[in-house]
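The values are calculated or read from the model by the stated rules, or taken from the named source; none is laboratory data. Please read these numbers as outputs of a predicted model, since none were measured by experiment. For neighbour counting, all protein chains shown are included, and Cβ atoms are generated from backbone atoms with ideal geometry for every residue, glycine included.
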Amino acid sequence: MTRPIRVLLVDDHVLFRQGLASLLSAQPDMEVVGEAADGLEALVKAQKLRPDLILMDVTMPGCDGLEATRLIREAVPEARIVMLTVHDEDEKLFEAIRSGAVGYVLKSVAAQTLIPLLRNVLVGEAAISGVMARRILEEFRRLARHPAAAPGEGTPELTAREREVLQRVAAGDMDKEIALRLNLSLSTVKTHLRNILAKLQATSRHQASRYALRMGLIQPPDRREE
């Protein structure tokens, strides 16, 4: 008889973990071998339990899912990690992939969609929805249109609006706050952020804002701002 898929669940919300554990335990080929409430606990349990599959929440207090994924990939490289998230943020998607995750799934996904995705992970496929896959392809196309500047070629050019958006990122605003402050739609803000990351060859909005500050593309934020 084939050994069941050993699963470790990592999420700081107990009720969500319990619901997911019940769903997976009801599958004849899956076994929940452990649960963790944060990234550091996940690292310890992954090393002890050696699970085949880890379902990892992206946002957790302390050591978040992205950092935990990087640590676990070094300590338990054979474990497959699928990120679970409430938000479909492009930045988190790309950072999760760079961290070593093999999947990125919204928590709103239906059970009949999730289970096959998880089974496919164990045979080498990625657990990414069609929407997420399209975003990855779009990012590759943007990178092709905005290749990284070679040393000495100068600072990448940002439009006036992109600078405004990045200025708000440096001030600590989230996407919805930026949209309200600049009178833009949320989708427009996300588009600007994707273009900024591509032009600056940055892996996150915070890396982009730090680079822009260092290169003088934006001004240091006023910490007295409300």
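One residue is enough: does the range 135-154 have a residue meeting the conditions surrounded by fewer than 18 Cβ atoms within 10 Å (Cβ to Cβ) and at pLDDT 90 or above?
Checked the range 135-154: no residue is surrounded by fewer than 18 Cβ atoms within 10 Å (Cβ to Cβ) and at pLDDT 90 or above.
Look through the range 74-86, keep the residues that are surrounded by fewer than 18 Cβ atoms within 10 Å (Cβ to Cβ) and in contact (Cβ under 8 Å) with a residue 12 or more places away in the chain, and return whichever of them is nearest to the chain's Cα centre (by Cα).
If we filter the range 74-86 for residues that are surrounded by fewer than 18 Cβ atoms within 10 Å (Cβ to Cβ), which is where we start, we get 74-75, 77-78, 86.
Narrowing further to those that are in contact (Cβ under 8 Å) with a residue 12 or more places away in the chain: 75, 78, 86.
Details: 75: 20, 78: 20, 86: 11 Å.
Ranking the candidates gives 86 first.
Of the conditions (1) outside any strand (DSSP E or B); (2) buried (at least 21 other Cβ atoms within 10 Å of the Cβ); (3) not charged (D, E, K, R), residue 40 fails just one. Which one is it?
(2)
When you go through 59, 113 one by one, which is the residue that is under 23 Å from residue 44 (Cβ atoms), surrounded by fewer than 21 Cβ atoms within 10 Å (Cβ to Cβ) and of a type in the set (S, T, N, Q)?
59
Residues 193, 213, 118, 166: which one is among the aliphatic types (A, V, I, L, M), outside any strand (DSSP E or B), closer than 30 Å to residue 29 by Cβ and modelled with pLDDT of 85 or more?
Values: 193 fails: closer than 30 Å to residue 29 by Cβ; 213 fails: closer than 30 Å to residue 29 by Cβ; 166 fails: closer than 30 Å to residue 29 by Cβ.
Matching residue, one of 193, 213, 118, 166: 118.
Need the failing condition index for residue 95 against (1) assigned to a helix (DSSP H, G or I); (2) more than 28 Å from residue 198 (Cα to Cα), just the number.
(2)
Looking only at the range 97-106, decide whether some residue is among the hydroxyl-bearing types (Ser, Thr, Tyr) and either more than 27 Å from residue 40 (Cβ to Cβ) or modelled with pLDDT of 85 or more (or both).
Looking for residues that are among the hydroxyl-bearing types (Ser, Thr, Tyr) and either more than 27 Å from residue 40 (Cβ to Cβ) or modelled with pLDDT of 85 or more (or both), one finds at least one in the range 97-106, hence yes.
Tell me which residues, restricted to the range 165-188, are surrounded by 15 or more Cβ atoms within 10 Å (Cβ to Cβ) and under 18 Å from the mean Cα position of the chain (by Cα).
Passing the criteria: 169, 175.
For a quick check of your reading of the model, give me the residue pairs whose first member lies in the range 204-226 and is basic (Lys, Arg), whose second is at pLDDT 85 or above, with beta-carbon atoms closer than 7 Å and at least 6 apart or on different chains.
205/169; 205/193
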